[in-house]
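Report on the structure given below.
No value in this document is a laboratory result; all are computed from the given coordinates. What you are looking at is a predicted structure, and each value in this text was computed from that prediction instead of being measured. Heads up, the Cβs are rebuilt from the backbone with ideal geometry, glycines too, and the neighbour counts pull from every protein chain shown.
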Amino acid sequence: MIKKLLLGASSFLLFSFFLTPINTYALTFDNLPIKQTSKQWEVRIGEAGQGKGMVKPVKGKFQTYSLEVENIGKDVFSVEINLFRNEPNSKTKFSLHSCPHGWDCNNDNYERAISLARTLNTNGNFFRHSNFLLAEKATELEVEIVWTQGKDGRRLKETFTFTD
């Protein structure tokens, strides 16, 4: 009798375990484009470019999106744009872009930041990243913009966080 009771209880627990949905969360944007705006910047996440040589999404691994950043505020002297995603069960955030092997990322950062600022200061111009990968295990996309107003200005930073 006790064996039947234990077998029945074990079967019930095992059966209920398989029927209980396992919650998995992935950052997928159902309605694109989406945007966030501040006094200085407008950040848009949209559909990825679909040209020749562009990366295609891989189900279960990553999705692809595009990023546009527009300066809607005062002119800036220099600007840097960084993308990060979170990692489940970690406080560390991972950059979505890096330097090619053997190339010094810091070598001409300053000149690139000034050049990007000149582009963004022109009305109607924006920064566009046509196709970036976002791991399906990510639940948060962080767009960090760091800029200076003048040549000797203090560095300013805004962070735009996109979640489901």
Notebook entry, point to check: What full-extension length gain, to one decimal in nm, is calculated for N89 and E68 as 0.36 nm per residue of separation minus the Cα-Cα distance?
Noted result: 4.7 nm
Next item on the list: Measure up K74/K151; K35/K74; K39/K137 against 26 Å on the Cα-Cα distance and list the ones that go over.
Entry: K39/K137
Notebook entry, point to check: Between Q36 and R154, 0.36 nm times their residue separation minus their Cα-Cα distance comes to what?
Noted result: 40.1 nm
Check: So how do S130, S115 line up by other beta-carbon neighbours within 10 Å, fewest first?
Finding: S115, S130
Margin query: Neighbour counts of other C-beta atoms within 10 Å: give me H129, H97 arranged from fewest to most.
Written below: H97, H129
Notebook entry, point to check: For the residue pair K137 and I114, what label-to-label distance in nm results when each label sits 7 Å from Cα along the Cα-to-beta-carbon direction?
Noted result: 4.2
Next item on the list: Can you pull the one-decimal nm distance between simple spin-label points at K52 and F77, each 7 Å off the Cα toward Cβ?
Entry: 4.4
Check: chymotrypsin sites (Phe, Trp or Tyr not before Pro) within the range 46-132: which are DSSP loop residues with at most 11 other Cβ atoms inside 10 Å?
Finding: W103
Check: By how many nm would the segment from R128 to K61 grow when fully extended, if each residue of separation counts as 0.36 nm and the alpha-carbon distance is taken off?
Finding: 21.8 nm
